[in-house]
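A quick write-up on the structure given underneath.
Quick note: the coordinates plus some simple rules give every number you see, no bench work behind them. Nothing here was measured: the structure is a model prediction, and the numbers come from that model. In this analysis, Cβ positions are derived from the backbone assuming ideal geometry, glycine residues included, and neighbour counts consider all displayed protein chains.
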Amino acid sequence: MKILILILLGFANLFKSQTIEEFNKISLGIDSSFTDFELKIGKSSVDRETNFGLEKRVYDYNTFNLIVYEKDDSAGIDEIVFLSKKQFENKESWYNICKVLNVDPSFVKIDSMISSPEDGIYKTNLKFETIVSLLREANDLSDYMYYIVFKKGILYYEMNMINTSLLLRISKNFESPHKK
């Protein structure tokens, strides 16, 4: 869970109005029940959905939405997704977070992809530095999608940029979309 806190601290740029205490509470969510999770973060969900007994809840923060999922009946919360509301600093936040994870030997890069229909790019399994180089060469990133997935222990850390939206997913499962 310390690594999750590190990632969330890296979001300080992106989520300036959120406190470190809030992030620490959120980071403890994997494997806990929704009741325990809501007690930890001091918030109730703004929306919820149940699909055949498995629950998904949404929590609204000033600069991001938090979407929390159950994926099976026995494990509690299996996935936490941060979806930014900001547009302008998302690329730089993605870069800064991935840069930190990329140099940390406890994180192993297991997947990556960069795609732009406009520029005719679709490449997979690239190094972080190669993705950054391709992004720096592009004139317009508005149609680009790119991600890097790191693994540490049993958790996967997906760092996604889709057009101008930043999405961070922390979960116990990952299946590469380009290997399906």
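Given 0.36 nm per residue, what is the gain on full extension from ASP143 to TYR122 after removing their alpha carbon distance, in nm? Could the numbers behind the result be given before it?
Values: separation 21, 0.36 × 21 = 7.56 nm, distance 1.21 nm.
Between ASP143 and TYR122, full extension yields 6.4 nm more.
What's the local net charge at ASN139, with K and R +1, D and E -1, over the other residues with C-beta under 10 Å away? Spell out each step's value before the answer.
On the way: positive: none; negative: GLU118, ASP119, GLU137, ASP140.
My count for the surroundings of ASN139 gives -4.
Within the range 122-180, report the GluC sites (Glu not before Pro) that DSSP leaves as loop and that have at most 16 other Cβ atoms within 10 Å. Mind showing how you got there, number by number?
Values: sites: GLU129, GLU137, GLU158, GLU175; in loops: GLU175.
Loop-located and lightly packed - GLU175.
Quick one: net charge around GLY53, please, counting Lys, Arg +1 and Asp, Glu -1 for every other residue with C-beta under 15 Å from its C-beta. Could you put the intermediate results ahead of the total?
Details: positive: ARG48, LYS56, ARG57, LYS71; negative: GLU49, GLU55, GLU70, ASP72, ASP73, ASP78.
Taking every other residue near GLY53 into account, the sum is -2.
Using r as the Cβ-Cβ distance of SER133 and ILE162, and R0 as 22 Å, what FRET efficiency do you calculate, to the nearest 0.05? If you can, show how the numbers build up before the last one.
Details: r = 20 Å, r/R0 = 0.91.
With R0 = 22 Å, the Cβ-Cβ based efficiency is 0.65.
Could you pull out the trypsin sites (Lys or Arg not before Pro) across the range 116-166 that fall in loop regions by DSSP (anything but H, G, I, E, B) with no more than 13 other Cβ atoms inside 10 Å? Intermediate results must be reported in sequence, preceding the final value.
On the way: sites: LYS123, LYS127, ARG136, LYS151, LYS152; in loops: LYS127.
Answer in residue order: LYS127.
Can you give me the Cα centroid spacing of the range 139-167 and the range 75-135 in angstrom?
3 Å
Can you tell which of SER84, ASN51, LEU66 lies farthest toward the positive end of the dipole of the range 40-96, using +1 and -1 charges on the Cβ of basic and acidic side chains (Lys, Arg; Asp, Glu)?
SER84
In percent, how large is the relative contact order of the range 67-180, given Cα pairs closer than 8 Å and 6 or more residues apart? Present the calculation step by step, with values, prior to reporting the outcome.
On the way: 192 pairs, mean separation 32.4, N = 114.
About 28 percent, as a whole number.
Within the range 71-86, whose backbone N sits under 15 Å from a point 7 Å along Cα→Cβ of ILE154?
71-80
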